[in-house]
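In what follows, a single structure is set out as structure tokens and then discussed.
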Amino acid sequence: MTIRQTLHVAICVIVSLTLLAIATRYIHPHWLLATLHSLQLHATVGCIVAMLVALVLYRSIGGYLILIAAVLLAGHTLWMTRTFVSMVSDADYAAPTFRLMSFNILDDNYSNSEAITKAIATSGADVVNVMEAEPLVPHLQELAATYPYRIGCGVMIEDCDQLMLSKTPLENGSIRSLSIIFENRFILADVTLHGQKIHVAGIHTTKPYFDGFHELELIHAALAITDTDGPLVLSGDFNASTLTPTCGNFSTGRA
């Protein structure tokens, strides 16, 4: 076997194993492979490129079959993304504007806290959801000039991890711990803009490879927002794309 054939076989084996790992989502998705499922589009495109290289090195029927499998998986991945797209209706165009800012600033990002504070204050957002908000503690009074209402950082929650800021009163505020990994990472409140009550939620889930906690947290979040009626705006850091089975189920109401 020549070096080109050896490299061809090696690439085929690696790509085949990657495609099989991705395909487990269609049978029984496992949290160990959640990151790969989240990056399914990137992974399948990478597999296509790898197989093109393999076929340049050496052509084989098996190589072409693996390439076809990678193309089919990539195509289905693109198709799946369309299921999460909502079309804007004429009524939506006529609705009042609501501006939301959602930002995970990282809990050790103290060096940029002043710049982040300025970015939030000048954003023009009606509501701001901040995750890992500890660096903003010295700037809360400054932010209060623009956003006098908040939940988090001493208001309803002592810790400064999940934070919700608003220009208008935050009514019926509630905080939930979605799992035992992190506490108080779900905030739900109501704001009234242009005479319309809007439910606003901020969420920060654990990474999907933390056992089954990601799925558990999304189930708890789904139960919380199911109790609401009327317009709901949910934002946050899910630590995964909508391609992850857990996020996909949550987005389509199957969580």
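Given Cβ point charges of +1 (Lys, Arg) and -1 (Asp, Glu) and nothing else, what value in debye, to the nearest 20, does the dipole of the chain about its Cα centre take?
It works out to roughly 1240 debye.
Whole-Hz Karplus ³J(HN,Hα) for segment 153-159, in order, using 6.51 cos²θ - 1.76 cosθ + 1.60 and θ = phi - 60°, x for Gly and Pro?
With the stated coefficients, segment 153-159 comes to 6, x, 10, 6, 10, 6, 6 Hz.
Let me check against my output: what whole-number percent is the relative contact order of the chain, with C-alpha pairs under 8 Å and at least 6 apart?
16
May I ask you to derive the FRET efficiency for Tyr64 and Val13 from their Cβ-Cβ distance with R0 = 22 Å, giving the value to the nearest 0.05? Before the final figure, lay out the partial values.
Values: r = 15 Å, r/R0 = 0.70.
Computed FRET efficiency for Tyr64 and Val13: 0.90.
Give me Ile120, Ile3, Ile225 ranked fewest to most by other Cβ atoms within 10 Å of their Cβ, as a rough exposure proxy.
Lowest count first: Ile3, Ile225, Ile120.
For helix 3-23, what angle does its Cα long axis make with the longest principal axis of the chain, in degrees from 0 to 90 and rounded to 10?
The helix 3-23 is inclined about 40 degrees to the chain.
Angle check, please: helix 213-226 long axis (alpha carbons) against the longest principal axis of the chain (alpha carbons), in degrees 0 to 90, nearest 10.
Computed tilt is about 50 degrees.
Shape verdict for segment 5-46, please, from the Cα gyration tensor: rounded (a/c under 1.5), prolate (a/b greater than b/c) or oblate.
It is prolate, given that a/c is not under 1.5 and a/b is the larger ratio.
Whose amide H sits under 5 Å from the amide H of Gly173, counting only residues 5 or more places off or on another chain, with H placed in the peptide plane?
Amide H to amide H, under 5 Å and 5 or more residues apart or across chains, Gly173 pairs with Asp190.
Using the 10 angstrom Cβ neighbour count as an exposure proxy, how do Phe213, Phe84, Phe98 rank, fewest first?
On the way: Phe213 19, Phe84 13, Phe98 16.
The order, fewest Cβ neighbours first, is Phe84, Phe98, Phe213.
Lone cysteines in the chain, going by a 4.7 Å Cβ-Cβ cut-off?
Isolated Cys, the chain: Cys12, Cys47, Cys247.
Which label marks the calculated value of Kirkwood radius over Cα pairs in Å, given the options (1) 20.8; (2) 17.9; (3) 20.3?
Entry (1).
Mind checking which lysines have their Cα closer than 25 Å to the Cα of Lys167? Skip sequence neighbours fewer than 8 apart in that chain.
Lys118, Lys197
Suppose we keep just the DSSP beta bridges with both residues in segment 90-251; what percent of those would be antiparallel, to 5?
Antiparallel bridges make up about 65 percent of those DSSP assigns within segment 90-251.
Could you calculate the FRET efficiency of Thr2 with Val49 from 1/(1 + (r/R0)^6), where r is the beta carbon distance between them and R0 is 25 Å, rounded to 0.05? Mind showing how you got there, number by number?
Working: r = 22 Å, r/R0 = 0.89.
That pair, Thr2 with Val49, gives E of 0.65.
Ranked by Cβ crowding within 10 angstrom, fewest neighbours first, how are Glu215, Glu134, Glu183, Glu158 ordered?
Ascending Cβ contact count within 10 Å gives the list Glu158, Glu183, Glu134, Glu215.
Using amide H atoms built in the peptide plane, which far-off residues or other-chain residues are under 5 Å from Leu234 H to H?
Ala201
With θ set to phi - 60°, apply the Karplus curve 6.51 cos²θ - 1.76 cosθ + 1.60 along segment 52-58 and write out the HN-Hα couplings as whole Hz, x wherever there is a Gly or Pro.
Along segment 52-58, the couplings run 5, 5, 4, 6, 5, 5, 6 Hz.
Calculated FRET efficiency, Asp159 and His139, Cβ-Cβ r, R0 25 Å, to nearest 0.05?
Taking R0 as 25 Å, the efficiency between Asp159 and His139 is 0.90.
Read-outs: derived from the displayed coordinates by stated rules, not from any lab. These numbers come from a predicted model, not from an experiment. Cβ: placed from backbone, ideal geometry, glycine included. Neighbour counts: every protein chain shown.
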